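Read the structure below first, then the notes.
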Amino acid sequence: MRKAFFLVLAVLGLGACTSLDCSVDNVVMLNVSIPDTLKDDTLDVYTIVNGKDTALYTNGTGITSLSLPMSYSQDADQYLFTFTDKAGVTSTDTVVIGKTNQPRFESVDCTPQFWHTITSATTTHHRVDDISINEAEVNNDQSKKHIILHLRRD
């Protein structure tokens, strides 16, 4: 009886050592604030990876903020912000976010997160008048606004 008790205790103890405690909040996104509301304009956002564009956000109206994925291995991410007004006139701004990539491991059994430090933010100036870095550290805290885009007032 005593051996069975210790055997059960040992099995439970070993099981506790291998149980995974991976973070549920594993999302790391670039949060963009657009305080100059788009009003009636439509916003589409694309990213350029290996020379090809991929849609990240489409047909948004009245947008004041959005979250965009960041790459894990590139030193800079390139986004295309395409604005279409009510008359159908389209203008596209290229936004380039320079950054560092830091892998973050909670456990060898868990998928790593990549946190980033924004080192630069540039844009063309078709519809976007100015871009600024509000919070350089990009991690899994979704409450922070990292980049602020100020639009031209036409």
Worksheet, complete the sentence: When SER71 is run through (1) closer than 18 Å to VAL27 by Cα; (2) small (Gly, Ala, Ser); (3) open to solvent by 40 Å² or more (accessible area, probe 1.4 Å), the failure sits at (3)
Worksheet entry | Residue tally, condition loosely packed, with under 15 Cβ neighbours inside 10 Å and part of a strand (DSSP E or B), over the stretch 30-59 | 8
Worksheet item: Does THR124 satisfy the criteria of being at pLDDT 95 or above and surrounded by 14 or more Cβ atoms within 10 Å (Cβ to Cβ)?
Response: yes
Practice prompt. Determine, yes or no, whether ASP141 is of a type in the set (D, E, K, R), more than 18 Å from ARG152 (Cα to Cα), touching a residue at least 40 places away in the same chain (Cβ under 8 Å) and surrounded by fewer than 16 Cβ atoms within 10 Å (Cβ to Cβ).
Written response: no
Practice prompt. For the stretch 84-121, enumerate the residues that are open to solvent by 70 Å² or more (accessible area, probe 1.4 Å), part of a loop (DSSP other than H, G, I, E, B) and either among the polar types (S, T, N, Q) or touching a Pro at 6+ places or on another chain (Cβ under 6 Å) (or both).
Written response: PHE105, THR111
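Residues checked against (1) in contact (Cβ under 8 Å) with a residue 12 or more places away in the chain; (2) closer than 20 Å to ALA136 by Cα; (3) more than 14 Å from the chain's Cα centre (by Cα):
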site	(1), (2), (3)
GLY51	no, no, yes
THR58	yes, no, yes
PRO69	yes, yes, no
ASP85	yes, no, yes
THR92	yes, no, yes
ILE97	yes, yes, no
PHE105	no, no, yes
ASP109	yes, no, yes
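The values are calculated or read from the model by the stated rules, or taken from the named source; none is laboratory data. Everything quoted here is computed from the prediction, not taken from an experiment. Every residue, glycine among them, receives a Cβ derived from its backbone with ideal geometry; neighbour counts consider all protein chains shown. In case anyone asks, the SASA skips ligands and DNA or RNA and just uses the protein heavy atoms, side chains included. Shrake-Rupley method; radii C 1.70, N 1.55, O 1.52, S 1.80 Å.
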